[in-house]
Amino acid sequence: MDIVYEEILYSKPTTVYSKPTIAKTTKRKTIKRKTTKIGKFEVYTDKAGEYRFRLKASNGEIIAVSEGYKTKKSCMNGIQSVKKNVLKPKIVELYK
């Protein structure tokens, strides 16, 4: 399951003249789409038979490893939770 960052560049809404007196505004059109692979989740089973996932960066380095899950569905829910909550994190600086 790859993690992809997609950037879409749209044109400005344009006005189309079908008759000299009537103007109609059309929707924006995609003029450029850029997709960058930023990593992937790998799902596997450990020695205890539990499902786990690891998050790998695009260079292959392991960034995070999950806890063990009893079912594959629970593991996939864990991935969805990470995608929803962690991929746009707030930065909090902690000082002693």
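The values are calculated or read from the model by the stated rules, or taken from the named source; none is laboratory data. Keep in mind it's a predicted model, so treat the numbers as computed, not measured. Cβ sites come from the backbone with ideal geometry, for glycine too, and all protein chains shown count toward neighbours.
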Matching residues in segment 54-96 - criterion: being among the charged types (D, E, K, R) and without any contact (Cβ under 8 Å) to a residue 24 or more places away in the chain: Arg54, Lys56, Glu61, Glu67, Lys70, Lys73, Lys84, Lys88, Lys90, Glu93, Lys96
Scan of segment 36-58 for residues that are more than 17 Å from the chain's Cα centre (by Cα) and of a type outside the set (A, V, I, L, M), ordered by number: Tyr44, Thr45, Asp46, Lys47, Gly49, Glu50, Tyr51, Arg52
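Kindly indicate the residue of segment 43-53 that is without any contact (Cβ under 8 Å) to a residue 40 or more places away in the chain and outside any loop (DSSP other than H, G, I, E, B) and also surrounded by the fewest Cβ atoms within 10 Å (Cβ to Cβ) among those meeting that condition.
Narrowing segment 43-53 to residues without any contact (Cβ under 8 Å) to a residue 40 or more places away in the chain: 44-53.
Going one step further and asking which of them are outside any loop (DSSP other than H, G, I, E, B), we end up with 44-45, 51-53.
On the way: Tyr44: 10, Thr45: 13, Tyr51: 20, Arg52: 17, Phe53: 19.
Ranking the qualifying residues of segment 43-53, first place goes to Tyr44.
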Check on Ser66, small (Gly, Ala, Ser) and at pLDDT 65 or above: yes
